[in-house]
Amino acid sequence: MADIPDSHPRKSSLLARAKLVQAAAEGLLAESAMIAHGRGEAFDYMLGEETSDSAKKSIQEAAARLLEANNPVISMNGNSTVLAGKHAIRAASIIGCPVEVNIYYRTEERMAKLITTLESWKNEIAKEDPRANRVEILGSEADGRIRGLKGPRALCSSRGIEMADVILVPLEDGDRCEALINQGKQVIAVDLNPLSRTARMATVTIVDEVTRAMKTLCEILNERPESTNWNNKQNLREALKIMSQASERV
Ligand code: PTJ
């Protein structure tokens with residue numbers, strides 16, 4: 001990994017890029033992963049590359065809903081696994097839920113590599129926190145279906161996404177988010193673009209960079225918050241307001 005001094009103002013952004021470049025070379029990512037990440041970076045610039053107060057509130061709501069759920073699950077794709085896979089396992093250890101690898105551009109090779117990566121991080125984390133031993137990494141048995149979708153995008157685990165009532169899906173696509181909502185599930189999305197279809201369709205949208213959001217989620221889960229009467233439109237408007245105030249930083 002690149003040797004970047006701590007004083008470099010763009011250190012975390014450069015480290016994230018280096019991780020993605022390495023993961024792409026190892027075959028973990030979709031071909032368009034970098035395009036998606038670049039779009040995210042542009043929105044993050046507008047946010048000042050920090051977790052806003054309104055994003056913190058959405059993370060609190062997400063934590064509460066995951067803790068109150070009967071069958072919660074954390075769904076991970078290529079980018080989110082590489083950037084925040086360890087935090088996902090830590091969060092799942094606290095919630096007591098599985099992590100499911102579920103990717104948009106599905107190949108059996110990528111599925112296997114992502115599952116192996118998460119399994120090895122799980123074993124590492126379990127040395128400090130034995131609760132991680134109980135976190136199941138699902139995805140290899142595609143024995144469930146997301147109704148309303150066709151082809152490989154509909155595949156999921158019957159013990160994960162198919163039976164879940166609350167799903168945390170970082171970097172989801174709009175169609176799948178809509179299909180999950182249509183099945184009466186609560187979808188918690190992490191998406192830096194507050195105008196994406198996913199952001200607008202989700203029950204709770206965390207407009208924040210996935211690494212920061214998942215780290216903050218782990219901290220907030222330990223505070224055991226309670227859910228509220230959440231207004232997601234208002235939440236998205238607050239994110240857009242922060243972005244529109246970026247002109248004040250010029
Ligand atoms: O691993 P796969 O096969 O599931 O494919 C993953 C990608 C990301 C390539 C696929 O899901 C995709 O094409 O995604 P989109 O439709 O480009 O959407 C990605 C969304 O995530 C965009 O709205 C971005 O703004 C947002 N985004 C990108 N990077 C980050 C992010 N949001 C939070 N944190 C990020 N680091």
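Listed by chain and number, the lysines whose C-alpha is less than 16 Å from the C-alpha of Lys241, apart from same-chain residues fewer than 8 away, are Lys56, Lys57, Lys233.
Applying a 10 Å radius around every beta-carbon, put 191-198, 61-68, 23-30, 81-88 in order of their mean neighbour count, most first.
81-88, 61-68, 191-198, 23-30
Its Cα gyration tensor gives the chain an equivalent ellipsoid. The semi-axes, each the square root of 5 times an eigenvalue, are 25, 22, 19 Å from largest down.
Going from the residue with the fewest nearby Cβ atoms within 10 Å to the one with the most, Met76, Met46 rank Met46, Met76.
Rounded to the nearest Hz, the phi-derived 3J(HN,Hα) couplings of segment 130-142 under the Karplus curve 6.51 cos²θ - 1.76 cosθ + 1.60 (θ = phi - 60°) are x, 4, 5, 4, 7, 7, 7, 9, 9, x, 6, 8, 8, where x marks glycine and proline.
Among beta bridges identified by DSSP and lying wholly in the chain, the antiparallel ones come to about 10 percent. With N the number of residues in segment 178-250, Rg(Cα) / (2.2 N^0.38 Å) evaluates to 1.21. For Val101, the amide hydrogen comes within under 5 Å of the amide hydrogens of Met76, Leu138, Gly139, counting only partners 5 or more places away or on other chains and with H modelled in the peptide plane. In the chain, helical runs assigned H by DSSP with n ≥ 4 each contribute -39500 (n - 2.57); averaged across all residues and rounded to the nearest 500, the mean residue ellipticity at 222 nm is -15500 deg cm²/dmol. All Cα-Cα distances of segment 1-87, cut into 10 Å bins from zero to the largest, leave 14, 37, 35, 13, 1 percent in each bin in turn. Using only side-chain charges placed at the Cβ, +1 for Lys and Arg and -1 for Asp and Glu, the dipole size of the chain relative to its Cα centre rounds to 340 debye.
Our coupling estimate for segment 62-78, obtained by passing each phi through the Karplus curve with A = 6.51, B = -1.76, C = 1.60 and θ = phi - 60°, is 4, 4, 4, 5, 5, 6, 7, 5, 7, 9, x, 8, 10, 9, 10, 9, x Hz, Gly and Pro reported as x.
Annotation: peptides 136-146, 4-14, 179-189, ranked by per-residue average of other Cβ atoms within 10 Å with the highest first, follow the order 179-189, 136-146, 4-14.
Here segment 60-149 has an Rg and Dmax of 13.0, 41 Å, counting Cα atoms alone. State which entries of Lys86/Lys127; Lys185/Lys215; Lys86/Lys150 exceed 19 angstrom in Cα-Cα distance in the structure shown. From Lys86/Lys127; Lys185/Lys215; Lys86/Lys150, over 19 Å: Lys185/Lys215; Lys86/Lys150.
A short reminder: the numbers here are calculations on the coordinates, not readings from a lab. Every value quoted in this text rests on a predicted model; they were computed, and no experiment measured them. We place every Cβ from the backbone using ideal geometry, glycine too, and count neighbours over all the protein chains shown.
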